[in-house]
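Here is the structure we will look at.
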Amino acid sequence: MNAVPLPASQFALTVNTLSCLMSMTSPNFDSNGRRSYEGFQVLSISNVSSQNDVLGIQQANILQQLYSSNKLFNFLGEDPNRNGPTDVMICPEQANNVKNLLSTFGIPFTVQSENYQQNIVSHENENNLILAESGGNMNWIAYQRFATIQSWMDSMASKYPKIVTLETYGSSSEKRPMRVIKISATGNDGSKPIVWLDGGIHAREWISVATVTYMANEIINRAVSGDRNDLINKVDWYIVPNMNPDGYEYTFTNDRLWRKTRSKAVNSTCYGVDPNRNWDFKWGGKGTSNDSCEITYRGPRPASEPEVASSQKYILSIKNRIKLFLTFHSYSQLLLLPWSYDNVLIPDKSDLEKVAKQGAQALEAVNGTKYIVGPTPQILYSAAGTSNDWVKGVANIKFAYTYELRDTGKDRFLLPPNQIIPSGKETFVGVTAMVQGVMDWFKIN
Ligand code: 0X9
Ligand code: ZN
């Protein structure tokens, strides 16, 4: 279809009349009192042209305006500047208007979901069925609750007291423990390098929690066998499966798409700070919001969140031993290098890239899952105040990376539970290859 473009001024008017205020201020709830996404639609917008059309209007520019001025697309947190297709969720009251507008400007899109609540319900039903069948015990065939993960950590520590120890280094806004599981095949005598793994800093990214606990379990199994020549036994592992415990629980009980912490903002009705915009390095820069209702809210000040402040303090106390820092998110299948705050190169980019490429290659060899390696702004978008940047810039840990796990946009945060084990297996192979690369660089054997 050959659409007749609107003049730019008329476009601005059209955009300004689109608002999701209704579904933002008075959201729907399901029969269990949880946020319902009934009628929300997901569109995948691809091949957006950055060429000017006859009237000098850029399609990419239009998308940017739609994205930023109307709070239409806030639920998936996608940024139209990123490479690849942009997936957006649209509130029910504007679904038709937005689709008409896109068609008018000849911007190609496909409808991925006519009603996102259906996607959520079928994902949760599937998970709950497995959880019910497995009777509250830890496993990696379903996504687990915070309490189950904590008791599993307790049981590992009491079963293998010489190898597995636990430490609570802080507590969340709602007073859940910030807890690290330490695995040391030869006893943690303070002499070995530390590899840090964390998951769940973003609440809805369940696969990051599941993958990190999967890896912890694998490491414990191999440490118990006690082979001193096994690479994984040459380091001490410090693993925090839940960096944002309140947010994680909230995704089970109240809102499957919650991303932030659960602190209450002063002088606002909104809750939560994006814990990956709250770290005390370049705080407040690009890709952050000062609006407490937004999903990328940076918080009132650096490290305002107890989850972030306690993690910073804890990491500083062991920074000299940490040789590799990996934080796990989803989705997109990326292995990101700092800096993320802006398109600025780190001085040792080639060292970090080399290790990352070894990781991505080893990972891909397992199930053919492809990861793209590169600096954050070049392959995703700029984001200031991330844990990754703070770890590199303040704690001075050389090898610090962010994994964006499965998938590339089919199921997004609702990744089917039968992908936990494949994700865990391939990611662990990727991580061990990176450990090897880092050991080689530091000439540790
Ligand atoms: O926006 C983010 O915080 C991360 N993406 S996500 O979709 N999981 O929310 C990207 C963070 C980017 N970079 C680094 N931490 N380096
Ligand atoms: Zn994330």
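Regarding the range 238-249, can at least one residue be identified that is in a loop (DSSP other than H, G, I, E, B) and either surrounded by fewer than 20 Cβ atoms within 10 Å (Cβ to Cβ) or more than 16 Å from ligand 2 (Cβ to nearest atom) (or both)?
No, the range 238-249 contains no residue that is in a loop (DSSP other than H, G, I, E, B) and either surrounded by fewer than 20 Cβ atoms within 10 Å (Cβ to Cβ) or more than 16 Å from ligand 2 (Cβ to nearest atom) (or both).
Look at the range 264-285 and say how many of its residues are more than 13 Å from ligand 1 (Cβ to nearest atom), at negative phi and crowded, with 24+ Cβ neighbours inside 10 Å.
0
When both residues are 6+ apart or on different chains and their Cβ atoms are under 8 Å apart, which pairs have a first residue that lies in the range 126-137 and is at positive phi, and a second that is not in a loop (DSSP other than H, G, I, E, B)?
So the pair list comes out as 136/148.
Residue 429 is checked against (1) in contact with a Pro (Cβ under 9 Å, 6 or more places away or on another chain); (2) surrounded by fewer than 23 Cβ atoms within 10 Å (Cβ to Cβ); (3) among the aliphatic types (A, V, I, L, M); (4) part of a helix (DSSP H, G or I) and fails just one. What number does that condition carry?
Every condition holds for residue 429 apart from (1).
Going by the conditions given, is residue 261 touching a residue at least 60 places away in the same chain (Cβ under 8 Å), of a type in the set (Val, Ile, Thr), part of a loop (DSSP other than H, G, I, E, B) and buried (at least 24 other Cβ atoms within 10 Å of the Cβ)?
Considered against the rule, which asks whether it is touching a residue at least 60 places away in the same chain (Cβ under 8 Å), of a type in the set (Val, Ile, Thr), part of a loop (DSSP other than H, G, I, E, B) and buried (at least 24 other Cβ atoms within 10 Å of the Cβ), residue 261 comes out as yes.
Could you check, for the range 176-192, whether at least one of its residues is of a type in the set (D, E, K, R), farther than 16 Å from residue 150 by Cα and in contact with a Leu (Cβ under 7 Å, 6 or more places away or on another chain)?
no
Kindly indicate the residue of the range 202-228 that is of a type in the set (Asp, Glu) and more than 16 Å from ligand 1 (Cβ to nearest atom) and also nearest to residue 405 (Cα to Cα) among those meeting that condition.
Among residues in the range 202-228 that are of a type in the set (Asp, Glu) and more than 16 Å from ligand 1 (Cβ to nearest atom), the one nearest to residue 405 (Cα to Cα) is 218.
Pairs under 6 Å by beta carbon, first residue under 20 Å from residue 320 (Cα atoms) in the range 183-206, partner surrounded by 18 or more Cβ atoms within 10 Å (Cβ to Cβ) and of a type in the set (Phe, Trp, Tyr), six or more apart or different chains?
Pairs found: 183/237; 194/238; 195/237; 196/238; 196/325.
The rows are residues; the columns are (1) of a type in the set (Lys, Arg); (2) at pLDDT below 75; (3) within 20 Å of residue 287 (Cβ to Cβ).
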position	(1), (2), (3)
28	no, no, no
33	no, no, no
39	no, no, no
42	no, no, no
55	no, yes, no
63	no, yes, yes
66	no, yes, yes
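Give the residues of the range 397-413 that are under 30 Å from residue 119 (Cα atoms) and crowded, with 21+ Cβ neighbours inside 10 Å, sorted by residue number.
Passing the criteria: 402, 403, 404, 405, 406, 412, 413.
How many of the residues in the range 348-372 are farther than 30 Å from residue 416 by Cβ and without any contact (Cβ under 8 Å) to a residue 12 or more places away in the chain?
1
Can you tell me which residue within the range 320-347, out of those that are out of contact with any strand residue (DSSP E or B) (no Cβ under 9 Å at 6 or more places or on another chain) and in contact (Cβ under 8 Å) with a residue 12 or more places away in the chain, is nearest to ligand 2 (Cβ to nearest atom)?
Selected residue: 341.
Check off (1) over 24 Å from residue 426 (Cβ atoms); (2) in the same structural domain as residue 315 (by the TED database); (3) of a type in the set (A, V, I, L, M) for residue 216 and give me the number that stays unchecked.
Going through the list (1) over 24 Å from residue 426 (Cβ atoms); (2) in the same structural domain as residue 315 (by the TED database); (3) of a type in the set (A, V, I, L, M), residue 216 breaks only (1).
Against the condition away from ligand 2 (no atom under 15 Å from the Cβ), surrounded by fewer than 24 Cβ atoms within 10 Å (Cβ to Cβ) and assigned by the TED database to the domain that holds residue 277, how does residue 365 come out, does it pass?
yes
Look through 394, 344, 355, 373 and report the one residue that is within 16 Å of ligand 1 (Cβ to nearest atom) and buried (at least 22 other Cβ atoms within 10 Å of the Cβ).
Residue meeting the stated conditions: 355.
In the range 378-397, what count of residues is obtained for those that are more than 16 Å from residue 312 (Cα to Cα) and either away from ligand 2 (no atom under 16 Å from the Cβ) or part of a strand (DSSP E or B) (or both)?
Selection size over the range 378-397: 1.
The values are calculated or read from the model by the stated rules, or taken from the named source; none is laboratory data. These numbers were taken from a predicted model, which means no experiment stands behind them. Here the Cβ is made from the backbone with ideal geometry for all residues, glycine too, and neighbour counts use every protein chain on show.
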